[in-house]
Each structure stands twice: as C-alpha cells, then as structure tokens.
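Have a look at the structure below before the remarks.
The values are calculated or read from the model by the stated rules, or taken from the named source; none is laboratory data. For clarity, every value in this text was computed on a predicted model and none was experimentally measured. All Cβ positions, glycine included, derive from the backbone under ideal geometry; neighbour counts span all protein chains shown. Accessible surface areas use protein heavy atoms only, side chains included; no ligands, DNA or RNA. Shrake-Rupley method; radii C 1.70, N 1.55, O 1.52, S 1.80 Å.
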Amino acid sequence: MSANVPIVRSVSWPAVLILIAFWMVLVVASLFLFQLEGMIVASVLFFILVTALQQLIPKSHKKGMKAVKQNDFKGAIEYFKQSVDFFTKKEWLDKYRAVTMFSASKMSYREMALCNIAFCYSQTGQAEKAKALYEEILEKYPDNGIAYYALNSINTFSNQAD
C-alpha cells in the first residue's frame with residue numbers, strides 16, 4: 001500500500017517555453033527530413049529523450065520517491081541524501097534542468113531532495129532533525145513554501161505540546 005503523501009509539482013513556465021521551443025525545433029527539422037511524417041517522428045523522439053533523461057539522471061531521487069510511496073522513510077532518506085550529493089557535485093545539471101533533463105520543475109532537484117529528507121525525518125519521529133533541516137532549507141532557498149509551512153506546523157505542534 002502506498003503512502004498518502006502530498007506531492008507538490010510547481011511548474012516553471014519559462015522552462016515549459018524552453019521545452020516547447022525544443023520540440024518545435026525537432027518538428028521543423030523532422031518535417032524537413034521526413035516531410036509529412038516529421039511531426040510524428042519529432043514527437044516520438046522528444047518523448048524518448050524526455051523519458052530517458054528524466055529516468056537516467058535523477059536515479060536516486062526516483063528511488064527515494066518510490067521508497068516514500070512504500071512508507072520506507074528510512075530508506076528514502078538515504079536515496080535523497082545520494083540525490084543531494086549528486087546534484088551538489090553536478091550543480092549545472094540541476095541549474096539547467098529544463099535543457100539537461102527536460103524538467104519544467106520550478107524547484108531544483110537538490111532543493112526537492114532536502115525537503116524530502118526533512119519530510120522523512122518528520123515521518124520517522126525525528127522532529128528536531130526535520131526542524132533543523134527545514135530551517136537550513138529556508139536559509140538557502142528563502143522562497144521555499146514547503147519548508148516554510150512545514151516549519152510553521154512543527155512549531156505550532158511543539159508549542160501546543162508545551
């Protein structure tokens with residue numbers, strides 16, 4: 001049984017425009033090379049590229065999400081830590097994710113992984129670790145709504161317990 005976990009997918013509209021522009025370039029090139037079948041060829045090629053890049057590059061992140069859905073929060077923490085390490089070392093992949101992974105996500109994979117680690121900490125009863133990590137996330141990413149509201153929830157519940 002999968003966890004009833006909220007999933008947030010904020011979209012970066014400039015990234016969507018980049019993806020559409022790339023698809024249009026493929027369509028024009030395919031129409032030139034394959035004439036009428038060009039639209040189909042471009043769409044299939046685009047789908048294959050998007051699927052391959054989104055599966056191959058953020059592997060640890062995908063494994064972490066799968067673990068969360070299976071309520072394996074401790075295992076998910078390890079996968080998300082691997083994801084943070086990977087996207088810290090290869091920051092350019094995450095920074096230019098609209099082109100490198102065809103991702104229209106507004107939030108970087110590193111930022112997502114940190115939020116997911118904090119969420120997993122809260123699910124495993126490690127509220128202090130979750131709180132500290134959410135605070136760290138807000139220092140690095142001040143506009144992160146997930147960390148902001150999660151931290152408010154933690155603070156509210158800890159004040160009620162007092």
Once the dipole of the range 1-156 is set up with Lys and Arg at +1 and Asp and Glu at -1 on Cβ about the Cα centre, which of SER105, VAL16, GLN123 lies farthest towards its positive end?
GLN123
Compare ALA147, ALA42, ALA127 in a GNM of the chain, Cα atoms joined below 10 Å, and give the one with the largest fluctuation.
ALA42
How long are the semi-axes of the equivalent ellipsoid of the range 69-162, defined as square roots of 5 times the Cα gyration tensor eigenvalues? Whole Å, largest first.
26, 15, 10
With a 1.4 angstrom probe the carbon and sulfur portion of accessible area for the chain, in percent, totals 62 percent
Would you calculate the separation in nanometres between label points at PHE47 and TRP13, each defined as 7 Å from the Cα along the Cα-to-beta-carbon direction?
2.8 nm
About its Cα centre, how strong a charge dipole does the chain have in debye, to the nearest 20, once Lys and Arg get +1 and Asp and Glu get -1 at the Cβ?
380 debye
Calculate one ³J(HN,Hα) per residue across the range 133-143 by plugging θ = phi - 60° into the Karplus curve 6.51 cos²θ - 1.76 cosθ + 1.60, and present them in order as whole Hz with x for glycine and proline.
5, 4, 5, 5, 4, 5, 5, 7, 10, x, 8
Given (i) 42; (ii) 20; (iii) 35, the label whose value is percent of Cα pairs over 27 Å apart derived from this model
(iii)
So what is the accessible area of the range 71-162 per residue, in Å², with the probe set to 1.4 Å?
58 Å²
Taking only Cα atoms, what is the 0 to 90° angle, nearest 10, from helix 73-89's long axis to the longest principal axis of the chain?
60 degrees
Helix 109-123 versus the longest principal axis of the chain: what angle, 0 to 90°, nearest 10, using Cα atoms?
30 degrees
So if R0 is 41 Å, what FRET efficiency would THR100 and THR156 give, r being the distance between their Cβ atoms, rounded to the nearest 0.05?
0.60
Selected from ILE137, ILE40, ILE146 as most flexible by GNM, with the chain as the system and alpha-carbon contacts under 10 Å
ILE40
Mind giving me the nanometre distance, one decimal, between the label points for VAL25 and GLU37, set 7 Å out from Cα along Cα→Cβ?
2.5 nm
Please identify, among GLU91, GLU111, GLU139, the residue showing maximal mean-square fluctuation in a Gaussian network model of the chain using a 10 angstrom Cα cutoff.
GLU139
Cα centroid distance between the range 85-103 and the range 131-150, in Å?
21 Å
Which residues' amide hydrogens lie under 5 Å from the amide hydrogen of SER105, considering only partners 5 or more residues apart or on another chain, with H built in the peptide plane?
SER12
